[in-house]
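Asks: First the structure, then my questions, so here it is.
The values are calculated or read from the model by the stated rules, or taken from the named source; none is laboratory data. Everything numeric here is computed off the predicted structure, so don't read it as measured data. In this analysis, Cβ positions are derived from the backbone assuming ideal geometry, glycine residues included, and neighbour counts consider all displayed protein chains.
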Amino acid sequence: MQAFTHVRALAAPLEGRNVDTDQLIPARFLKKNRDEFYKNYLFHDLRFDEHGAQRPDFILNRPLFQGAQILVADENFGCGSSREGAVYCLADYGIRAILAPSFGDIFFNNCLKNGLLPVRLDAKVLDAVRQTLLNSTETNDSAREITIDLAACTVKAPGLNAPQIFTMDPFWHECLLKGVDELALTLSYANAIANFEQQHRNAHPWLTS
Amino acid sequence: MNLSLASPPRTLFEKIWDQHVVIPRSAGPSLLYIDRHIIHEGSFHAFKDLRARGLTIRNPKQVFGVADHYVPTTSRDPNDAITAEIKEVILKFDDNMKWSGAHYFSIKDPQQGIVHVVGPEQGMSLPGSVITCSDSHTSTHGAMGAMAFGVGQSESMHVMATQTLWQAKPLQMRVELNGKPAAGVGGKDIILAVIAKLGVAGAVGFAVEYAGSALQWLSLDDRLTMCNMTIEAGARSGLIAADDLVFSYLYGRNFAPKGAAWDQALREWQQLPSDDGCHFSQTLSIDVARLSPMLTWGTTPDTGVAIEGVVPDPAALSDSHARQAALAALAYMDLTPGTALSTINIDRVFIGSCTNSRLSDLRSAADILRGRRAVVPGIVVAGSMLVKQAAEAEGLDKVFLAAGLEWREPGCSMCVGINGDLALPNERVASTSNRNFVGRQGPGVRTHLVSPAMAAAAAVTGHFTDVRTLMGQQ
């Protein structure tokens, strides 16, 4: 997993609440192996028409937002199905972070396991950021860049006068900063798990057989 | 009596949580013990990850594989999968399950079915247990008094490797359902009403416990339907305290305790209901006696409305984001505000899915279809081989076939369409499934979520119909 310390990158505004994981990746692509071009499936039916041609209006297809690595989204982003393919395709497309007022519960967890940073910020703040990005006509990408410092938990974005501070649980904060998943930590608790398991089995023998 | 020594009142969820904490942390995630983990064919990512790390399944007896997402519903032969790629996924699951040593309900198993139907049916889902499954509708098992939640592939791998998971404790919400539901109104209508009230993000960060006088009128299948769709309000889990209905259902099932263990388990399960005075961060109360049969009009599950009504007008919404979303949904659904719901024609019906494919679901659809003909095509997909067998023993299959519908083999089928069971572009479907998202049942397909009885009523009239006008008239 790639360590996440800070990122400064082009950001794309994605309008609409409740963007579900079926939009992020339609179910028909879920049978693909992890190394089979997940970046092509991201927002597939929104990005491409039925003949496979790019839909010019879709935000990631617009010249000013091509190559975006940060998404600025609205409430309940990634709701619905638990499919981790939704995160695979975002990560493979090159998205490093998603800013939204709230996230689908399982999607949020899936992001953390793949080095993709989900940042919760106030809905009104993000409305302002999306509006500024949408109105931007600058040819230079730097006008549409967002800077995220994960160590300091700050976001600098167009349309905001001051950096925004976000909160992240210390446990996942450390995992992301170090680029490690939690499995190694869990395995280091092997004795504690074994002891718990023994007591649990003694107390509720019907649960583990 | 020294009251200060008594433990503070706890919710059902909190009692189960406390019994499963391996490594407590005051803030953020604690390490939780997972009693039973269920997987389906989509687990090939988790298995690949597990093998790449040189790990195996820690406790194969606590892991259950059930083939449901990719299996064909036309036969029990992987060769009938509609593409070679889908067949590969089914066969890969066979290989992985063989390697794992875990319990396996393959496509050919006489007790195979949809994971969330098979879990309770086999007695895997027990009161007081913690259950994970790599599927968002795992909340279903909460109707058995379990703490159950969906996980992704990485978390699934973690559970297989360690039998544990790092989890933050959700907030507690209580939804009180009062009154006796009218005839023709069931679990599906109630949960659509709950989601309409909460909104699709209304329960994010919560575990939802259902309580209230209405529960005594609801079957276990109704309760499973309600907990199943609790995730559609954003909740982590839905729960209902196990009672005699659950205990008598579980007695004697494959993975339920037997003999002295049963007696011990029962004594413990009876201590699990939420204590008087326990704290819920949020409460909601619904008078279910006032509910009508429901259907959704939009592209999110919170757009449920009573069948007597009309397509709502977005102009009435003060919030501009909500208005935009409603306008986009109306455009996709090809609907005009003010249209009477009972005049909307349908092209197809789907009766099935982990939400509504159990025996009482099939009975309620058959009660409407008996002696009538469907005027649109449709499929009926039993939730499990055991449900299918029981339905056939009652002759329900003959009712569906006589009505002109197809009677299929168990699987997720048209709910998610991964196996290729899809509607055609621009078709309008009356579906007993759980999600009406854009493109969910195929590109351009318009999905309306309804109960099995309402799907049957729409099938025989060709348009959405208040099922109560068709009841008992054959």
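Asks: Could we say that B:D263 is over 21 Å from the mean Cα position of the chain (by Cα), more than 30 Å from B:Q62 (Cβ to Cβ) and either assigned to a loop (DSSP other than H, G, I, E, B) or not small (G, A, S) (or both) here?
Replies: Judged against the criteria, B:D263 is not a match.
Asks: Let me ask something else. What helices (runs of 4 or more DSSP H) lie completely within the stretch A:118-209 and have 1 or more residues being within 13 Å of chain B (Cβ to nearest Cβ) and among the acidic types (D, E)?
Replies: Once the helices (runs of 4 or more DSSP H) in the stretch A:118-209 are filtered for at least 1 residues that are within 13 Å of chain B (Cβ to nearest Cβ) and among the acidic types (D, E), what remains is A:123-135, A:170-178, A:190-203.
Asks: Can you give me the number of residues within the stretch A:21-52 that are in a loop (DSSP other than H, G, I, E, B) and surrounded by 21 or more Cβ atoms within 10 Å (Cβ to Cβ)?
Replies: 6
Asks: Which ones in the stretch B:439-467 are assigned to a loop (DSSP other than H, G, I, E, B) and out of contact with any Asp or Glu (no Cβ under 7 Å at 6 or more places or on another chain)?
Replies: B:Q441, B:G442, B:G444, B:V450, B:G462, B:F464, B:T465
Asks: I've got another one for you. If you scan the stretch A:14-38, which residues turn out to be without any contact (Cβ under 8 Å) to a residue 24 or more places away in the chain and either of a type in the set (V, I, T) or under 15 Å from B:P443 (Cα atoms) (or both)?
Replies: A:Q23, A:P26, A:R28
Asks: Scan the stretch B:190-212 and tell me whether some residue there is crowded, with 24+ Cβ neighbours inside 10 Å, in a loop (DSSP other than H, G, I, E, B), of a type outside the set (V, I, T) and in contact (Cβ under 8 Å) with a residue 24 or more places away in the chain.
Replies: yes
Asks: Return the total of residues in the stretch B:406-430 being more than 14 Å from chain A (Cβ to nearest Cβ) and surrounded by 24 or more Cβ atoms within 10 Å (Cβ to Cβ).
Replies: Residues meeting the conditions: 3.
Asks: Let me ask another. Run down B:S292, B:S285 and say which single residue is more than 12 Å from chain A (Cβ to nearest Cβ), hydroxyl-bearing (S, T, Y) and over 30 Å from B:P170 (Cβ atoms).
Replies: Within the list B:S292, B:S285, the selection yields B:S292.
Asks: Hey, B:R358 hits all of (1) closer than 20 Å to B:G184 by Cα; (2) in contact with a Lys or Arg (Cβ under 7 Å, 6 or more places away or on another chain) but one; which does it fall short on?
Replies: Among (1) closer than 20 Å to B:G184 by Cα; (2) in contact with a Lys or Arg (Cβ under 7 Å, 6 or more places away or on another chain), the lone unmet condition for B:R358 is (2).
Yes/no matrix, rows are residues, columns are (1) more than 13 Å from every other protein chain (Cβ to nearest Cβ); (2) of a type in the set (V, I, T):
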site	(1), (2)
B:S30	no, no
B:R36	no, no
B:L50	no, no
B:F64	no, no
B:H69	no, no
B:T83	no, yes
B:S106	yes, no
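Asks: Quick check on the stretch B:215-262: of everything there that is more than 13 Å from chain A (Cβ to nearest Cβ) and among the charged types (D, E, K, R), which residue is farthest from A:G78 (Cα to Cα)?
Replies: Looking at the filtered set, the residue picked out is B:D244.
Asks: Now, a different point. Filter the stretch A:53-81 for residues that are away from chain B (no Cβ under 13 Å) and among the aliphatic types (A, V, I, L, M); which is surrounded by the fewest Cβ atoms within 10 Å (Cβ to Cβ)?
Replies: A:A53
Asks: Return yes or no: is A:N18 surrounded by 18 or more Cβ atoms within 10 Å (Cβ to Cβ) and either closer than 20 Å to B:C133 by Cα or at the interface with chain B (Cβ under 9 Å from one of its Cβ atoms) (or both)?
Replies: yes
Asks: Looking only at the stretch B:85-121, count how many residues are in contact with a Gly (Cβ under 6 Å, 6 or more places away or on another chain) and surrounded by fewer than 24 Cβ atoms within 10 Å (Cβ to Cβ).
Replies: 2
Asks: Tell me the residue from A:D92, A:D74 that is of a type in the set (D, E) and over 12 Å from the mean Cα position of the chain (by Cα), please.
Replies: Exactly one residue qualifies, and that residue is A:D74.
Asks: Restricting attention to the stretch B:130-152, which residues are under 20 Å from B:C415 (Cα atoms) and either outside any helix (DSSP H, G or I) or within 10 Å of another protein chain (Cβ to nearest Cβ) (or both)?
Replies: B:C133, B:S134, B:D135, B:S136, B:H137, B:T138, B:F149, B:G150, B:V151, B:G152
Asks: Next question, about the same structure. Pairs only if they're at least six apart or on different chains, beta carbon under 9 angstrom, first in the stretch A:176-197 and closer than 25 Å to A:N114 by Cα, second at pLDDT 95 or above and among the acidic types (D, E); list them, first residue then second.
Replies: Every condition considered, no pair remains.
Asks: Can you confirm whether the stretch B:169-180 contains a residue that is closer than 30 Å to A:N191 by Cβ, at the interface with chain A (Cβ under 10 Å from one of its Cβ atoms) and surrounded by fewer than 24 Cβ atoms within 10 Å (Cβ to Cβ)?
Replies: Looking for residues that are closer than 30 Å to A:N191 by Cβ, at the interface with chain A (Cβ under 10 Å from one of its Cβ atoms) and surrounded by fewer than 24 Cβ atoms within 10 Å (Cβ to Cβ), one finds at least one in the stretch B:169-180, hence yes.
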